[in-house]
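All remarks here apply to the structure that follows.
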Amino acid sequence: MHDPALNPIARPRSQSGSHPAPATFNGEPLRVMQVMAGGHEGGAETFFVSLAAALHRAGLDQLVVIRRNLARSMALRRDGIEPVELPFGRWFDFHTVPVLRRQAKIYQPHVVMTWMNRASGAFPRGDFLRLARLGGFYNLKYYRRCDHLIGITPGIVEHVVARGWPRARAHYLPNFAAVGEAKPVARDRLDTPADAPLLLALGRLHQVKAIDVLLQALTLETRPYLWVAGDGPLRAELQTLARKLGVAERVRFLGWRDDRDALFAAADICVFPSRYEPHGTVTMEAWGHRTPLVAAASAGPAAYVRDGEDGLLVPIDDAPALAAAIGRVIDEPVLADRLAEGGWRRYQADYTEEACVTNYLELFERLLAERAGGERAEAR
């Protein structure tokens, strides 16, 4: 336990709620500025909104800055957060950096946390603790002005350390999955038989997500229907592939959805076939919804899933293996129940909103205390 005389942060635990009480620093509310300049949609962008909302619910004082995006700004406002929106352009954007500097001067954050390359590279220096949250194996040239890096998997932490980043300034904080209760999406609305095994795949329609492999698997395992929730550059190509493979009548491309709870409530199996996946929040979402998981053994799922206990892992780019694993879950109710319950236990232990918020607040607390202690030592 820290001596209060040496630690300027006081964060008493809440007596009634599941979140810790809001942090303070030097007797005033801890101020955190979060900055995201991501794309239109994606896993990091979705989790940015989820984490900002979770920290807001926990009472943290935040200033949230985003690249202009109507859907993201509306989602933040629904959660009670009014974002600052900036262009974050590449070459002739003479507006973003001066406004970031001005916003930081007005808000005077204790902590600035940037997300991904563009925001991290653009943010100016200042008298605050500078963190960056990494959801992939990024080039460290964008993070040279950061004090600390947060990796959402142990593999990402090892990646930055292997490239020369000090281990003491690299920290592992996993994501949480925003899971709620909802009525199942009605199958008849999506022309799906009530008695057919239903697969759910979520993610951007990009080559790395390997939806093409899942479509090939459907030619081998012919019983299930598939709902694909997501959008992206390969949508038309994947729809054409489904027709060529003769599986289009069993596949529904739903586009980008904001009713994931209702989709999970309707599904029998979550399939996550990514070729490249440094993390994969879909894993935790499946666990939190008690939905059996079948995943390709890309970096994220391979690091988390305990094969046969809380999910089934198959080799990357292996349609026959994927089809066989899906067939096992359909045919073996005991296995399906074991995977669902094993995943639920993992979710409850490590990947809830409350666990994630506590992890972030405790990291902010510890790093600010270390920084304050170092400054006092230099002043002596």
For His40 and Leu70, extending 7 Å from Cα along the Cα-Cβ vector and measuring point to point gives, in nm, a value of 1.2 nm
Residues meeting the amide H criterion for Leu226 (H placed from the backbone, H to H distance under 5 Å, 5 or more places apart or on another chain) are Leu199, Val251, Arg252
Once Glu82 and Arg223 are pulled to full extension, the length gained, defined as 0.36 nm per residue separation minus their Cα-Cα distance, is 46.1 nm
The distance between the Cα centres of the stretch 75-106 and the stretch 152-192, in whole Å, is 25 Å
Semi-axes (Å, rounded, descending) of the ellipsoid equivalent to the stretch 187-350 per its C-alpha gyration tensor are 22, 17, 16
Using alpha carbon centers only, the stretch 60-74 is separated from the stretch 123-139 by a whole-angstrom value of 17 Å
Percent antiparallel among DSSP beta bridges confined to the chain, nearest 5, equals 10 percent
Computed over the stretch 276-380, the convex hull of the Cα set has an average projected area, in nm², of 8.1 nm²
Neighbours of Ala324 by Cβ distance under 14 Å: Lys/Arg at +1, Asp/Glu at -1, summed charge -3
Relative contact order as a percentage, the chain, C-alpha pairs under 8 Å and 6+ apart, gives 14 percent
In whole Å, largest first, the alpha carbons of the chain cover along the principal axes 73, 49, 40
Beyond 24 Å, the calculated P(r) of the stretch 65-166 holds a percent of Cα-Cα pairs equal to 28 percent
For the stretch 187-350, percent of DSSP beta bridges that are antiparallel (nearest 5) comes out at 5 percent
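Read-outs: derived from the displayed coordinates by stated rules, not from any lab. Predicted, not measured: the structure shown is a model, and the values here were computed from it. Cβ sites come from the backbone with ideal geometry, for glycine too, and all protein chains shown count toward neighbours.
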